[in-house]
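A short write-up of the structure that comes next.
The values are calculated or read from the model by the stated rules, or taken from the named source; none is laboratory data. If you're wondering where the values come from, they're calculated on a predicted model, not measured in any experiment. Cβ: placed from backbone, ideal geometry, glycine included. Neighbour counts: every protein chain shown. The protein model used for the area step is the full one, side chains on, heavy atoms only, and it has no ligands, DNA or RNA in it. Shrake-Rupley method; radii C 1.70, N 1.55, O 1.52, S 1.80 Å.
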Amino acid sequence: MDRQTLRDWAHRFNEKGPAGLINGKAPGPVPKLSAEQKQELKRIVEIGPDLARDGVVRWRCVDLRRVIKGRFDVDLDEVSIGRVLKELGFAHVSPRPQHPKQDPQAIAAFKKTFPRGWRRRPRARQ
């Protein structure tokens, strides 16, 4: 043991007693997004993108990366954005978006409706 380590231990013992000799957990890096920025991001995701302004019909991490860089001047990678979204309570799987110019009548006409007699009947077991 070198002299500096012993000196540090003596100072920690004098300040906090025996509990000062226990190594504490390191605080880790400071988050890039503040709590207010995370709540703003949550609001942005809940509202959804505007096709005219954002150019997309649903959010992807790469799109949110661009929005975060533009609004908060913070550069996060896509994996970190996924972690923040999970922390905010969003699921990875999302429903398929609807096209803004989708026609409900065309969808109903396209669906195949078979007469009842055309359905397959189960074979009788022999």
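Laid out as a table, the results:
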quantity	calculated
Given charges at beta-carbon only (K, R positive; D, E negative), |dipole| of the chain in Debye	1480 debye
Degrees separating the helix 35-47 axis from the principal Cα axis of the chain, which is the longest one	0 degrees
Distant-in-sequence amide H partners of L88 (H built 1.01 Å from N, under 5 Å)	none
Under 19 Å from K16, Cα to Cα: aspartates and glutamates that are on another chain or at least 8 residues apart	D8
Distance (nanometres) between label positions extended 7 Å along Cα→Cβ at S34 and K86	2.7 nm
Sparsely packed trypsin sites (Lys or Arg not before Pro) within region 1-82, loop by DSSP, other Cβ within 10 Å at most 10	K25
Whole-percent carbon and sulfur share, accessible surface of region 7-104, 1.4 Å	54 percent
Average accessible surface area per residue within the chain, 1.4 Å rolling probe, Å²	92 Å²
Reference-scaled alpha-carbon Rg (2.2 N^0.38 Å with N residues) for region 1-65	2.22
